Amino acid sequence: MIFAGVSCAILVTMVLAIARAIKGPTVYDRLLAVNMFGTKTALLLAVIAFLFGRADFLDLALAYALINLVGVLAVLEFFQNRIDANGDASGD
Amino acid sequence: MIEWLLIVVDIVSWILLIIGSICVLIGGIGVLRMPDFYSRIHAASLTDTMATLALFSGMILQAGFSLAAAKLFAIMLFLLLTGPTATYALANSALLSGHKPKAAVLEKKVE
Amino acid sequence: MKLFEFLGYYNYWVFAILLMIGFYAVIAKANLIKKLIGLSIFQSAVFLMYISMDKVEGGTAPIIKPGVVDQLYSNPLPQVLILTAIVVGVSTLALGLAIVVRIKERYGTIEENEILDAD
Amino acid sequence: MTIVFAIFLLTMLVITAVAIVQSSNLFVSVMLTSIFSLLMSTNFFVLDAADVALTEAAVGAGITTVIFLSALALTATQEKPNRSGRGIALIVVGLTASLIIYATFDKPRLGDPDAPVHQHVAPYYLDNTMEQMGFPNVVTAVLSSYRGYDTLGEVFVVFAACIGVLFILDARTGTGPKYVTRKMTGLRHHLIPQVVGRILVPFIVLFGLYVQFHGEYGPGGGFQAGAIIATAFILYSLLEGEQAALRAVPRSAQLGLVICGALMFGMVGVLCMIMGGEFLDYSVLMENPVTARQIGIIVIEAGVGMAVCGAMLSIFHAFAARSAEDTDEAV
């Protein structure tokens, strides 16, 4: 029962993260929301695996915990190259 | 004796889970309401570390001594490793690319 | 139980809406990369429909629990279909992006109308 | 309970999709696409599709974002507003949407056990995977042995797409100096991600191998493992720069991986024929058909994993080489 409450809390945070991702003025706000969303998905998957009683599905949350960093670093690298290329410093 | 211990473990894990979900909510609201990028990143990293710690330790207590507990510990470890790194890389490249924090902008007005 | 009746179809309605969002992106947007993004949304909508067909009420994922006899399982077949389709979808997406890169080098733009004029 | 999750996640999905299409900056829609794939993976997991969720996680989080970004690096990131033809498109879209929604009314309700989908073929696989194959994961069993021939076709589609990308971006393998790519200096000065990346890459590769060989007993298999290991190498090349990654896994090694993976799959099939069974019928490989099938599946999954990992890596390096070599010409 408590897991249902925890997963609802995480779902609400995900909605807030999406609101920040869509509203976010600068690129870095969006990237922050993407990063936060990734960690919350890992949390939510772990809690749901527990909620459904299939505890051997935690590999999924482990996969997200590991791979979430790649997307954020790729965007940073791309944005860094773009700034080196034409030097526009401010976010869009 | 054992049965009394189980109740205590249950209560502790429930408290931890509640603390975790409250932290997650606080972080989420903080990300939306904070005025400036650098304060938002502060709120977001709260959910990254505090909520992960509380939620996963609560779940490990619930899982008892099993493979699931080991997997949960591994997930917690990697989340605590990658979360702050991503936040650091984000803030570092924001600062390097000249994204001024709001406070600095206000100071200039004051002088 | 009217409310529960409605909830049963919600998955298929979201499938229809996502399909149309992707379709709209392909038709109305001129930018080639936006079209590819619309195509990937279109594809994900189709995957969602297949996977929401396989859910059985009260069933778990089709990995047979050792020792549990009367456990209801969801249908594994759509999952097998979608599992390979995701990987194939990404590689064809990469192919599409490679073609867009060459179009950009050849025509200098990736807006569909400008390419048609240049031709 | 799943209905509550489904409602929440699906509404978020629709909101993200609308935001993706609406945003005129392509860079923003690529980032929202990565959120979209995260939501898709959670949806798959709630709908009891653990293997598919792992595939979407492995592919969507790492590889899709990176490929989109490297393509954006070579083209413009700002979409020119174009007002023409929106009205007609909206009408057409609205019409088709209402038609499809009208059609969904006589579909069986979500999760209704006596829907036609669950009646004919599925019970056969659910009932005798355990004694025919000896392992519990029905999805891997169907994927690699009941439907092995079709998976062979899928591997060759991935192989063809990878070769297509290499041809289009004409990344010749091992031509050496012509393609010495400028070191990607993006994240070089970030010390902390580099150190953490160096710690993380071996664990991701280890997790990829675990997923590869754990495919029979839990969610996993060749496709997911190939994507995860490719993501590990992509992370390495993001942090250490393009040349270090090419020194670690040279282009010829990547193509070797793809070719060996696809060949291994085909060879096992031919081997079964040589030993008297039909193509890809593993039960003839050894006396005890169950262990024969298990060994056949393990080899097949290894082939699939190598093919997918090699394909994703060579696609990534083809784009990356293109961007580096392009900017040299442009500057």
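We did not get these values from a lab; they are worked out from the coordinates using the rules stated. If you're wondering where the values come from, they're calculated on a predicted model, not measured in any experiment. Note that each Cβ is placed from the backbone with ideal geometry, even for glycine, and that neighbours are counted across all protein chains shown.
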Report task. Find the percent of Cα-Cα distances in the range B:2-110 that exceed 16 Å, and round it to a whole number. Result -> 67
Query raised in the report: Counting Lys and Arg as +1 and Asp and Glu as -1, what is the net charge of the other residues whose Cβ lies under 11 Å from the Cβ of C:Gln79?
Result: -2
Query raised in the report: Within a Cβ distance under 12 Å of D:Ile234, other residues only, what is the Lys/Arg minus Asp/Glu net charge?
Result: -3
Query raised in the report: How would you rank D:310-318, A:53-61, highest first, on the average number of other Cβ atoms within 10 Å across their residues?
Result: D:310-318, A:53-61
Query raised in the report: Looking only at other chains, what is the average number of their beta-carbon atoms within 10 angstrom of each beta-carbon in B:23-32?
Result: 6
Query raised in the report: What's the average, rounded to a whole number, of partner chain beta-carbon atoms within 10 Å of each residue's beta-carbon in D:290-296?
Result: 0
**Report entry** Members of A:Lys23/B:Lys71; A:Lys23/C:Lys55; B:Lys71/C:Lys65; B:Lys102/C:Lys29; C:Lys29/C:Lys55; A:Lys23/D:Lys80 lying beyond 28 Å, as alpha-carbon distances in this model show
**Finding:** A:Lys23/B:Lys71; A:Lys23/C:Lys55; B:Lys102/C:Lys29; C:Lys29/C:Lys55
Requested in this report: Please give the peptides A:24-34, B:86-96, C:57-67 ranked by average Cβ packing (other Cβ atoms within 10 Å per residue), highest first, as a rough proxy for protection.
Outcome: A:24-34, B:86-96, C:57-67
Query raised in the report: Karplus couplings for the range C:90-96 from phi (6.51 cos²θ - 1.76 cosθ + 1.60, θ = phi - 60°), rounded to Hz, Gly and Pro as x?
Result: 5, 5, 5, 4, 4, 4, x
Query - Most mobile of C:Val90, C:Val26, C:Val68 in a GNM of chain C (Cα contacts under 10 Å) - result: C:Val68
Query raised in the report: Under a Cβ-Cβ cut-off of 13 Å, what is the net charge of the residues other than D:Leu271 that fall near it, where Lys and Arg count +1 and Asp and Glu count -1?
Result: -2
Query raised in the report: Taking only the alpha carbons of chain D, what extent do you get along each of the three principal axes, in Å, biggest first?
Result: 64, 53, 36
Requested in this report: Any chance you could list the semi-axes, whole Å, largest first, of the equivalent ellipsoid that the Cα gyration tensor gives for the range B:36-97, using √(5λ)?
Outcome: 30, 12, 4
Query raised in the report: If we sort D:12-22, D:276-286 on the protection proxy, mean other Cβ atoms within 10 Å, highest first, what's the order?
Result: D:12-22, D:276-286
**Report entry** Cα-based equivalent ellipsoid of chain C: semi-axis lengths in Å, sorted from largest, via gyration tensor
**Finding:** 40, 19, 6
Query raised in the report: To the nearest whole percent, what portion of all C-alpha pairs in the range D:137-331 is separated by more than 27 angstrom?
Result: 37
Query raised in the report: Per residue and in cubic angstrom, what volume does the convex hull of the Cα atoms of the range D:47-129 have?
Result: 170
Query raised in the report: Is the protein assembly as shown best put as rounded, prolate or oblate by its Cα gyration tensor, with a ≥ b ≥ c the root eigenvalues, rounded for a/c under 1.5, and otherwise prolate when a/b is larger than b/c, oblate when not?
Result: rounded
Query raised in the report: Looking only at other chains, what is the average number of their beta-carbon atoms within 10 angstrom of each beta-carbon in D:150-159?
Result: 3
